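> Here it is, the structure in full.
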Amino acid sequence: MMKNIAIMDMALANTIAAGEVVERPASVIKELVENAIDAEAKNISIEVHNMGLESISVTDDGSGMTRENLHKAFLRHATSKIFKISDLNDIRSLGFRGEALPSILSVSKIEIMSRTDAGDGYFLKLENSKVVDEGVAVLNKGTKIIVKELFYNTPARFKYMKSEYAEKNAITEIVDKLALSHPTISFKLYIDNKLVKSTLGNNQMNQLIEAIYGKKITEGMKVLSTYLGKIKVDAYLVDPKFVRSKRSDINIFINQRYIKNYVISQSIIDGYQTFLMTNKYPLCLLYITLDPSLVDVNVHPQKMEAKLANERMFAYQLAPEIRKTLESGNMPIRQAITEVRKDLFKPTIIDIFDFVKQEDLPEQLFELNEAPVVESLIVETEKLPHLEYIGTLSGTYLLYQNDEGLFLMDQHAAAERIRYEYYEDKVGALKSDYYELLVAKDLHITEQDALILHTHRHLLKHIGFEFENASVVKHPTWLRENELDKAVHALVDQLQDNGKIDLKILRNQLAKDIACKGAIKANRQLSLQEIKKIENDLRQCKNPYTCPHGRPVLIKLSNQDIEKMFKRIV
């Protein structure tokens with residue numbers, strides 16, 4: 001039987017819309033804070049209780065609303081931002097659709113009070129998408145809105161909530177992005193009555209970036225300020241030593257709106273490319289200012305994505321500007337082998353090492369790209385053969401010979417393998433001996449990182465770490481104090497994704513990260529004593545032939561291969 005088509009009532013329509021707009025508590029905070037920003041607030045305070053499920057409160061000192069506008073604010077498609085279709089081509093506010101407040105109200109209970117310069121304050125209490133109480137309120141100019149019992153009438157939504165720390169992490173992250181997008185606004189974030197984030201709103205970018213990411217983060221930071229055509233670009237390029245394991249700290253702001261854009265974020269990665277290790281991402285802030293008619297922000301329900309006119313051309317121009325800025329100043333540049341030609345045996349006279357192509361890479365982040373050599377050249381044996389040291393090439397490759405031919409050892413990859421197996425063994429020792437510090441050592445981590453460490457304190461205690469807030473009070477005896485920050489950032493990287501991690505996986509990845517960050521770098525001339533120690537230590541390794549990331553440590557050119565190159569044999 002064919003069913004009749006019916007018009008949904010407004011409550012049902014708003015609840016469906018809430019499924020797109022109100023994904024989680026952090027989504028509510030984003031919408032409410034954006035309204036405060038659009039009201040020209042200079043100070044915004046956010047208070048969250050029980051992950052935002054109990055209550056979310058946002059207080060601002062913006063322009064406020066009259067009694068009439070308070071009532072209109074919760075009507076679907078009611079907005080003060082746009083009035084005609086052509087306005088969509090000139091959007092200068094963060095909110096504009098008139099969907100957020102009615103959508104939030106459909107899945108929560110709301111109290112709101114507001115006051116303008118011109119009159120008394122007024123309050124509303126709303127439930128089930130209806131006003132249940134209203135009256136005069138005493139407050140300063142601005143607005144305070146309290147969202148209570150989020151998802152109380154849609155219990156199925158609780159199934160899709162993540163862990164407590166993941167939800168708090170999402171809240172902190174969205175407030176971070178909003179604060180970074182508006183340096184002239186002061187933000188305060190309280191979670192369960194504790195101040196976890198505070199910015200001054202004084203438009204001092206270094207202070208703002210340090211408030212979000214930690215005090216040391218601006219050391220070595222480069223600033224790019226230029227025009228690409230008619231687009232103004234201001235980029236704060238954090239030193240590549242502060243690498244990340246995810247893209248989430250590639251911050252892109254278009255006309256003071258935080259957005260996600262794959263094409264632009266990839267151009268930033270391309271600009272950093274020779275400064276980053278495989279599967280690592282930069283921490284940076286890119287501010288783009290352009291005519292609103294050249295950007296479309298109406299392509300995503302939560303307005304989290306935006307598209308630029310000719311964005312691929314913009315991205316093409318941006319990457320080399322970033323690369324040039326990073327290369328300026330005192331950042332040391334080293335060499336890395338990135339390609340071995342596969343036509344080694346073409347019929348021309350060649351230098352035995354002519355097939356090496358070189359690219360610039362910073363000393364502190366040196367690594368080989370994925371094994372780019374002919375597979376048969378990689379040593380394949382269970383035991384390291386007898387090797388006679390005969391010299392060093394480019395301060396990077398140790399040259400050896402034996403009866404079988406010529407061997408090239410990558411000193412960085414070798415040192416990385418040695419350090420990896422040492423740390424893997426130490427990290428894997430449960431209840432390892434620890435060193436208790438007389439004075440707690442402050443770490444260069446964010447409140448978000450400290451929360452992750454606190455959440456996993458029992459697991460971390462098993463491997464010898466104990467923390468208090470953003471300080472370490474105990475650490476394993478095998479870990480040098482100057483490597484504490486590296487180790488802690490490696491721990492956070494491994495724990496932040498889902499809060500659950502196998503100890504074996506943690507041990508493996510932590511050992512990889514510490515080993516790589518402290519290994520001997522390329523283009524460093526080693527003494528004969530250091531070279532001998534590398535060879536001896538490598539012989540003790542379970543797998544001396546690849547670094548922890550799978551790149552070769554040792555490459556062999558057999559006597560037969562060399563004779564073929566010189567056409568001595570066919």
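> Would you mind stating whether L200 is without any contact (Cβ under 8 Å) to a residue 60 or more places away in the chain, over 25 Å from I288 (Cβ atoms) and surrounded by fewer than 20 Cβ atoms within 10 Å (Cβ to Cβ)?
The answer is no for L200.
> On to the next question. I want to confirm something. Restricting to the stretch 145-172 and keeping residues that are of a type in the set (D, E) and on the phi < 0 side of the Ramachandran plot, which single residue is surrounded by the most Cβ atoms within 10 Å (Cβ to Cβ)?
That would be E167.
> Also, I was wondering about something else. From the list I322, I350, I333, pick out the single residue that is touching a helix residue (DSSP H, G or I) at 6+ places or on another chain (Cβ under 8 Å), on the phi < 0 side of the Ramachandran plot, at pLDDT 75 or above and not aromatic (F, W, Y).
I322
> I've got another one for you. With buried (at least 19 other Cβ atoms within 10 Å of the Cβ), more than 22 Å from the chain's Cα centre (by Cα) and at pLDDT 90 or above as the only criterion, which of G142, G135 stands out?
After applying the criteria, what remains is G142.
> I've got another one for you. Count, please, the residues in the stretch 542-556 that happen to be surrounded by fewer than 17 Cβ atoms within 10 Å (Cβ to Cβ) and not polar (S, T, N, Q).
2
Okay, residues lined up against (1) hydroxyl-bearing (S, T, Y); (2) in the same structural domain as E47 (by TED's automatic domain parsing); (3) in contact with a Leu (Cβ under 8 Å, 6 or more places away or on another chain):
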position: T184; (1), (2), (3): yes, yes, no
position: K188; (1), (2), (3): no, yes, yes
position: K194; (1), (2), (3): no, yes, no
position: S198; (1), (2), (3): yes, yes, yes
position: Y213; (1), (2), (3): yes, no, yes
position: I217; (1), (2), (3): no, no, yes
position: G220; (1), (2), (3): no, no, no
position: V233; (1), (2), (3): no, no, yes
position: V238; (1), (2), (3): no, no, yes
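> All but one of (1) at pLDDT 75 or above; (2) over 21 Å from V196 (Cβ atoms) hold for T446, so report the exception by its number.
(2)
> Conditions: (1) surrounded by fewer than 19 Cβ atoms within 10 Å (Cβ to Cβ); (2) out of contact with any helix residue (DSSP H, G or I) (no Cβ under 6 Å at 6 or more places or on another chain). V175 meets all but one. Number of the miss?
Tallying (1) surrounded by fewer than 19 Cβ atoms within 10 Å (Cβ to Cβ); (2) out of contact with any helix residue (DSSP H, G or I) (no Cβ under 6 Å at 6 or more places or on another chain), V175 fails exactly one: (1).
> Give the residues of the stretch 441-466 that are over 18 Å from F242 (Cβ atoms) and free of Cβ contacts under 8 Å to residues at least 24 places away in the same chain, sorted by residue number.
Of everything in the stretch 441-466, those that are over 18 Å from F242 (Cβ atoms) and free of Cβ contacts under 8 Å to residues at least 24 places away in the same chain turn out to be H454, R457, H458, K461.
> Then there is this: For the stretch 235-268, which residues satisfy the criterion of being modelled with pLDDT of 90 or more, among the aliphatic types (A, V, I, L, M), part of a strand (DSSP E or B) and in contact with a Lys or Arg (Cβ under 9 Å, 6 or more places away or on another chain)?
A235, L237, I250, I252
> Please report, ordered by residue number, the strands (runs of 3 or more DSSP E) entirely within the stretch 419-482 with at least 2 residues that are among the hydrophobic types (A, V, I, L, M, F, W, C) and surrounded by fewer than 17 Cβ atoms within 10 Å (Cβ to Cβ).
Correct list: 434-442.
> Same structure again: Here are some residues: L208, L224. Which one is buried (at least 17 other Cβ atoms within 10 Å of the Cβ) and either among the charged types (D, E, K, R) or not in a strand (DSSP E or B) (or both)?
L208
> Next question. Among the residues of the stretch 29-43, which ones are more than 30 Å from P155 (Cβ to Cβ) and either out of contact with any His (no Cβ under 9 Å at 6 or more places or on another chain) or in a loop (DSSP other than H, G, I, E, B) (or both)?
D38, A39, E40, A41, K42, N43 - these are the residues of the stretch 29-43 that are more than 30 Å from P155 (Cβ to Cβ) and either out of contact with any His (no Cβ under 9 Å at 6 or more places or on another chain) or in a loop (DSSP other than H, G, I, E, B) (or both).
The values are calculated or read from the model by the stated rules, or taken from the named source; none is laboratory data. Since we're looking at a predicted model, the values are computed, not measured. Cβ coordinates were reconstructed from backbone atoms using ideal geometry, including for glycine residues, and neighbour counts include every protein chain displayed.
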